[in-house]
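The values are calculated or read from the model by the stated rules, or taken from the named source; none is laboratory data. Since we're looking at a predicted model, the values are computed, not measured. So basically every Cβ, Gly included, is an ideal-geometry build from the backbone, and we count neighbours across all protein chains shown. Keep in mind that these areas ignore ligands, DNA and RNA; they rest on the heavy atoms of the full protein, side chains included. Shrake-Rupley method; radii C 1.70, N 1.55, O 1.52, S 1.80 Å.
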Amino acid sequence: MAATSKKKRTAGRILAVGAGLATVGALVAALPAGASGTRGGSDHGRYVDVQLLSFNDLHGNLEPPTGSAGRLTHLKEDGTTETINDVGGVEYLATHLRQAREGNRYSITAAAGDMVGASPLVSGLFHDEPTIEALNRLKLDVTSVGNHEFDEGAKELARIQNGGCHPTEGCFEKGKRFRGADFPYLAANVTKEKNGKPLLDPYFIWERNGVKIGFIGVTLEGTANIVSAEGIKGLKFGDEVETINKYTKVLERKGVKSIVALLHEGGLPASGAYNYDCDSPGPGNGISGPIVDIAKNVSPQVDALVTGHTHQAYACTVPDPAGKPRTVTSAASFGRLFTDTTLTYDRRTKDIVRTAVSSANHVVTRDVPKARDMTRLITRWNALAAPIASRPVGYIAADIDNPLDATAYEKPLGNLIADAQLEGMAPADKGGAQLALMNPGGVRAPLVHKASGAEGDGVVTYGEAYTVQPFTNMMTAVDLTGAQLLTTLQQQVSGANQAAPKILQVSKNLTYTLDLTKTGADRIVTSSVKLNGAPIDLSKTYRVAMNEFLAGGGDGFAVLKEHKNKLVGASDLDVFTAYLAAHSTPAAPLAPPATGRITVVK
């Protein structure tokens with residue numbers, strides 16, 4: 001059964017003050033002759049402007065994200081860029097959304113997945129119950145699932161949706177039962193293998209005063225390749241286009257002609273600036289990646305696509321199969337942006353006037369009042385987490401960054417983590433590892449020198465380390481041949497990863513050249529791959545440290561599933577904190593590791 005706007009509360013709320021900071025517009029065109037859309041006024045006209053507020057990839061970032069995770073790049077009129085610091089945080093996101101809704105009689109708030117998972121400690125420690133509580137207070141109407149909604153498996157996702165205390169840890173607050181999400185999670189392309197039925201609602205119908213808009217929610221088809229296999233046993237992830245087109249027809253049969261797809265898959269704009277015009281020189285010409293082909297093939301009856309997953313910012317128009325421009329948006333990640341899209345609804349045709357659609361990204365600045373209800377929520381959960389979160393685990397001399405730029409192939413923090421994993425798994429009784437590989441998506445935040453609380457500058461707390469490594473993946477040491485190791489490096493830039501390379505972070509004793517002037521697997525210069533300065537021997541067996549996600553072939557590294565003689569060690573977080581403790585003191589803090597393990601040729 002599909003969700004409707006009456007599932008848990010009435011949609012179309014009117015909330016607080018002022019206007020948000022508009023940054024970038026997508027398609028802005030005139031209404032048909034004689035038309036007059038109304039956002040906050042009369043209900044008697046033919047055309048009604050419906051406000052669609054959207055965001056994606058929050059990842060439980062309730063507190064303001066720090067370091068590069070709390071920044072955006074702004075493109076200035078003269079073509080140069082500047083950094084905008086101190087953006088994001090749910091206390092500020094709530095205020096901006098409430099301001100944006102003021103006076104809009106028809107306002108919907110939607111999201112495109114990864115609301116939870118890979119979350120900082122204040123949410124992750126409590127299995128993301130705090131984030132769901134915050135989203136309820138944000139008045140989120142609907143979201144698609146993302147891949148991270150499956151981090152703890154389908155049963156835990158069902159609990160997130162429906163409520164109930166954690167099956168092993170129970171209720172986190174005395175006398176309080178977790179009530180679950182007030183909004184529906186949509187999973188149209190996630191089906192049960194035994195009967196083909198969707199795991200959760202496939203679509204949602206929002207309705208107010210006769211205005212009906214349908215939402216179809218899907219995650220990327222490749223979700224099974226980027227989550228742990230154990231939690232998704234018995235599930236199938238279907239093609240995004242086929243699924244959206246299927247349920248578009250279902251909605252049309254129900255009389256719903258205005259449709260928005262919430263899709264946890266995204267694109268890569270040519271610039272990392274959040275206000276880059278990706279419709280230059282023509283519609284959609286400034287964006288690439290999976291979303292482009294998807295958008296070009298999704299039914300023309302779908303009026304807009306709200307996307308995510310790539311953590312990029314864009315508001316583009318990509319032609320639909322009929323050649324008609326259609327809005328495709330994404331609001332970066334971590335609550336740093338939200339998108340405000342105007343959908344002009346024609347009461348006569350019951351459809352969106354596509355030529356009147358406009359969209360803009362808005363910065364979640366921290367110069368607005370904090371939402372008091374969110375401050376109380378964060379304070380309450382932080383009090384529960386404090387005994388664990390505030391414990392010092394290491395000391396750093398400067399920021400150890402994890403750049404979000406997709407072209408930052410080698411990252412200082414990735415190097416540090418790979419070195420920690422090698423050291424933790426190198427002893428003979430721990431696995432005898434000779435090198436380590438770390439998936440870049442598993443590094444979730446930078447280590448910031450400036451104190452986040454009362455701990456003092458340079459102190460790394462357990463909570464901060466947890467935010468960097470929140471998955472609690474178990475470490476493994478496995479046998480791989482030199483040939484398999486070379487294939488692993490080649491799979492970073494070929495096959496499923498060719499369009500969007502996933503460059504592994506490597507321990508300091510592994511070096512090689514990445515030649516971007518070539519294509520596919522040839523980008524890895526075979527003769528350059530060296531371990532401890534010596535060329536790898538393709539016939540020799542090496543002991544390699546990696547987390548269980550990679551050992552299971554995650555992120556498209558199918559060859560890693562061919563490993564032998566696996567030994568399971570401590571968790572990635574335990575190995576990371578042990579390394580920090582062993583290599584830093586207040587008097588001798590740890591310096592950021594040098595880069596240069598990967599030589600990039602452009």
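Placing dummy labels 7 Å off each Cα toward the beta-carbon, the span from Leu538 to Ala591 is 3.9 nm. Protein-only accessible surface at a 1.4 angstrom probe places the residues Ile503, Ile84 in the order Ile84, Ile503, largest first. For region 206-220 versus region 403-473, the spacing of their alpha-carbon centroids is 40 Å.
Would any residue of region 46-68 have its amide N under 18 Å from a label point 7 Å out along Cα→Cβ of Arg347? List them or say none. Backbone N within reach: 46-51. With a sphere of radius 13 Å drawn around the Cβ of Val460, what net charge do the other residues whose Cβ falls strictly inside it have (Lys, Arg +1; Asp, Glu -1)? With Lys, Arg at +1 and Asp, Glu at -1, the neighbours total -2.
Size estimate for the chain follows the Kirkwood approach: the inverse of mean 1/r over distinct Cα pairs works out to 24.8 Å. Each of Ala270 and Arg179 was given a label point 7 Å from its Cα along the Cα-to-Cβ line. The distance between the two points is 4.9 nm. In µm²/s, what is D for region 403-529 at 20 °C and 1.002 mPa s, where D = kT/(6 pi eta Rh) by Stokes-Einstein and Rh is the Kirkwood radius from Cα pairs? After rounding, the answer is 133 µm²/s. As a rough guide to protection, the peptides 190-198, 441-449, 330-338, 544-552 ranked by mean Cβ packing within 10 Å, highest first, stand as 330-338, 544-552, 441-449, 190-198. By the Kirkwood approach, averaging reciprocal distances over each pair of separate Cα atoms, region 485-602 gets a hydrodynamic radius of 16.0 Å. Reachable lysines from Lys561, Cα under 23 Å, same-chain residues fewer than 8 places away excluded? List returned: Lys233, Lys236, Lys430, Lys502, Lys530, Lys540. Among 567-575, 314-322, sorting by the average number of other beta carbon atoms lying within 10 angstrom of each residue, highest first, gives 314-322, 567-575.
Each label point was placed 7 Å from the Cα along the Cα-to-Cβ direction; for Ala558 and Glu455 their separation is 4.2 nm. Working ranking of peptides 424-433, 405-414 by packing, defined as the average number of other Cβ atoms within 10 Å per residue, highest first, is 405-414, 424-433. Counting charges near Asp351 (Lys, Arg +1; Asp, Glu -1) among other residues having Cβ under 11 Å from its Cβ returns a value of +3.
Given region 253-402, what percent of its DSSP beta bridges are antiparallel, to the nearest 5? For region 253-402, the DSSP antiparallel bridge percentage is about 70. By DSSP, the beta bridges lying fully in the chain are antiparallel in about 70 percent of cases.
Once the 1.4 Å probe is applied to the protein heavy atoms, the chain comes out at 38 Å² accessible per residue. Phi angles across region 514-525 convert, under the Karplus curve 6.51 cos²θ - 1.76 cosθ + 1.60 with θ = phi - 60°, into 3J(HN,Hα) values of 10, 9, 7, 7, 9, 10, x, 4, 5, 5, 8, 7 Hz, Gly and Pro given as x. Each helix, a run of at least 4 DSSP H residues, gives -39500 (n - 2.57); summed and divided by the residues of the chain, these come to -6000 deg cm²/dmol at 222 nm.
Here the gap between Lys192 and Thr80, fully extended at 0.36 nm per residue and compared with their Cα-Cα distance, gives a gain of 35.4 nm. Which percent of the accessible heavy-atom area of the chain goes to carbon and sulfur, probe 1.4 angstrom? For the chain, the apolar C and S fraction of the accessible surface comes to 51 percent.
As an exercise, use a Förster radius of 45 Å and the Cβ-Cβ distance of Ala578 and Arg137 to find the FRET efficiency, rounded to the nearest 0.05. With a Förster radius of 45 Å, E is 0.75. For region 505-602, the share of DSSP beta bridges that are antiparallel, to the nearest 5, is 55%.
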